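What follows is a short report on a single structure.
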Amino acid sequence: MGQPQQPDQAEAEEAGAGEPDAGHSPVEAAGGGAGKPPLRVGMVGYSFMGAAHSQGWRTAGHVFDLPLSPVLSAVCGRDGQAVRAMADRHGWAATETDWRNLIARDDIDLVDICTPGDSHADIALAALAAGKHVLCEKPLANTVEEAEAMAGAAEGAYKRGQLAMVGFNYRRVPATALARRMVAEGRLGALRHVRVTYLQDWLVDPEFPLTWRLRKESAGSGALGDLGAHIVDLAQYLAGEPVTGVSALMETFVRERPLPAGAAGGLAFAGGTAGRGAVTVDDTALFTGRFASGAVASFEATRFATGRKNALRIELNGERGSLAFDLERLNELSYHDHTEPAAHAGFRRILVTEPDHPYLDAWWPPGHGLGYEHTFVHQARDLVHAVAAGTRPEPSFADGLQVQRVLAAVEESAAKNSVYTPTDTPTAV
Ligand SMILES: NC(=O)c1ccc[n+]([C@@H]2O[C@H](COP(=O)([O-])OP(=O)(O)OC[C@H]3O[C@@H](n4cnc5c(N)ncnc54)[C@H](O)[C@@H]3O)[C@@H](O)[C@H]2O)c1
C-alpha cells in the first residue's frame, strides 16, 4: 500500500506549494452559509472527480438549507502549478502538493479523496487516524484486504465521532432515490430480477493510451472496478440486500496500447506515445448473481459498447410491478404497476422533478430537470447532514467493502471458468 513520492510532487514542493492563494480565503470560498458552523474540506486529486466534487461542495450550501457550511479550504495535487490553477477556477482557498501535508492541516475537518484507487487506502487510513471525516471515491479500494482495513478503521473512527462515506453518487440521482423509496414501500412486491448494464465506448480505439485505468497496479481492475462497482452498489441499494454469489466472464479485447507521453488521466484521448505497454485489466465484465431473497441479477460492464457513452440502465421486476431507469434520461423513472387491470396497465414515465421527489424541493419548478453534476451536490448535502447529526452516512465504508467482495468474487469466478463463487469467500486473485 506504499505510495512513493512522484517526481512532479517533489518538484512542486520545491516550488513552494502549500501556501494560501492570494485573494482567496476559506470563508469567501464557502458561500451560502453565513452564520453557520463551517465544515472545512480538503480534497486530494483535482481532475475529473476533483472538478465534480468541487461543484458539489461549492453548490450544496447555496441550494439546500444545510446545518453546516462547506468551506473549500485546500486542494492537493502533485503538480503545484496545475493544482493552483484548478484551485483558482473552482474556488479552493489553498493548495498542497503532498496529501500528507493536507491531512496534517488543522483547518481541515473532512478529507475528500478523488485520486485513483491505488492511493485510496493510504490516504483514508491516514485521514481517519488524524481525526478527519472522509469521503472516498469508488471503488473503495483496489483489493478486499485494503477495503477491510478501511472499513475497520472507519468503524473505530465512528466511535470517536468521525464519519466515512464512499462516493457511489448514482444513489443520489432523484430517480434512483425514488426507485429505492418505491421498492422499500413494497410497490414491486417480492423481487425476482435485477437487470443492470453500464456501457461506455471510450476504449474502442486501440490507440487510446495506457492511462492509469488500464493498469492493475493503479486501478485494481478495469471495467469491473470502474463501472461494475457502480452497478453492484446500485443494484444492492435498490434491492435492499447484498449479492451473495456470482458467476462471471471477463475479457480484455486490446491487450497492448501506446504508453502516454506525459501524465495522463481521465477518459479523454491523451495523445502522444512513447512505446507500448500491456493492458493488465479487463475491458469488460459480465456476471450473474444471486440475492439471499431468491432474486437473481445480471450485470454487464464495458468500455467497448460502440455508441454508448454513459449508459447505466437498471430494471427491477417484482411480483407486483417493475421499475426501469436509464442514466442517459436521468430525470425519468419507468414504472409498471402489475396490480392494475391488464386492459390499461403498462409502463408509464414518471417525470422525477416534483417537489416531493427526493432532493427536488430545493431545486427548480416541476419539469426543469437536473443533470449528472447534481448527484455530487446531493452527495455533499447528505454528508453534511450526517456530519451535523453524527449519524452513519450511506454508503458507508462497510458498504464499499461489500461491493469490493463482489468484485473480487467476479474476478475469482472468471478465473475459474465462471464457477459460481460466493461473495463472502476470502479471495486472492
Ligand atoms: N463517482 C463517479 O461517477 C466517478 C467517475 C469517475 C471516476 N471516479 C473515481 O474517482 C477517482 C479518480 O478518478 P478521476 O476520473 O477523477 O481520475 P483523473 O485521472 O481524472 O484524476 C485523478 C487525479 O488524482 C491525482 N493524483 C493521483 N495520484 C495522486 C497522489 N498520490 N497524490 C495527489 N494526487 C494524486 C491526479 O493528479 C489527478 O488530479 C477514481 O477512484 C475513480 O474510480 C468516480
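Just so it is clear, none of the values below were taken in a lab; they were calculated from the coordinates. Treat the numbers as computed from the prediction; the structure is a model and nothing was measured. Every residue, glycine among them, receives a Cβ derived from its backbone with ideal geometry; neighbour counts consider all protein chains shown.
If you add up the charges near Gly277, with Lys and Arg at +1 and Asp and Glu at -1, over every other residue whose beta carbon is less than 11 angstrom from its beta carbon, what do you get?
Details: positive: Arg215, Arg255, Arg257, Arg276; negative: Glu256.
Net charge around Gly277: +3.
Here's the list of lysines a cross-link from Lys138 could span, going by alpha-carbon distance under 21 Å and ignoring same-chain residues fewer than 8 apart: Lys216, Lys309. Among Trp364, Trp212, the order by Cβ neighbours within 10 angstrom, fewest to most, reads Trp364, Trp212.
Enumerate by residue number the GluC sites (Glu not before Pro) in the range 114-213 meeting two conditions: DSSP loop (anything except H, G, I, E, B), and at most 11 other Cβ atoms within 10 Å of the site's Cβ.
Passing both the DSSP loop test and the Cβ count: Glu185, Glu207.
Placing unit charges on the Cβ atoms only, positive for Lys and Arg and negative for Asp and Glu, gives the chain a dipole magnitude near 860 debye about its Cα centre. Considering only the chain, what is the antiparallel percent among its DSSP beta bridges, to the nearest 5? The antiparallel fraction comes to roughly 60 percent. Each of Val279, Val243, Val166 has some number of other Cβ atoms within 10 Å of its Cβ, and from fewest to most they run Val279, Val243, Val166. Annotation: peptides 104-114, 310-320, 190-200, ranked by per-residue average of other Cβ atoms within 10 Å with the highest first, follow the order 104-114, 190-200, 310-320. Straight-line cross-link reach from Lys36 at under 26 Å between alpha-carbon atoms covers these lysines, not counting any fewer than eight positions away in the same chain: Lys132, Lys159.
Under the simplified labelling scheme, the Glu251-Glu315 pair shows an inter-label distance of 2.2 nm, with each label point 7 Å from Cα along Cα→Cβ. Subtracting the Cα-Cα distance of Arg100 and Asn417 from 0.36 nm times their residue separation leaves 109.9 nm of extension gain. Each of Val71, Ala87, Val183 was scored by the projection of its Cα onto the charge dipole of the chain, and the greatest displacement toward the positive side belongs to Val183; charges sit on the C-beta of Lys, Arg, Asp and Glu.
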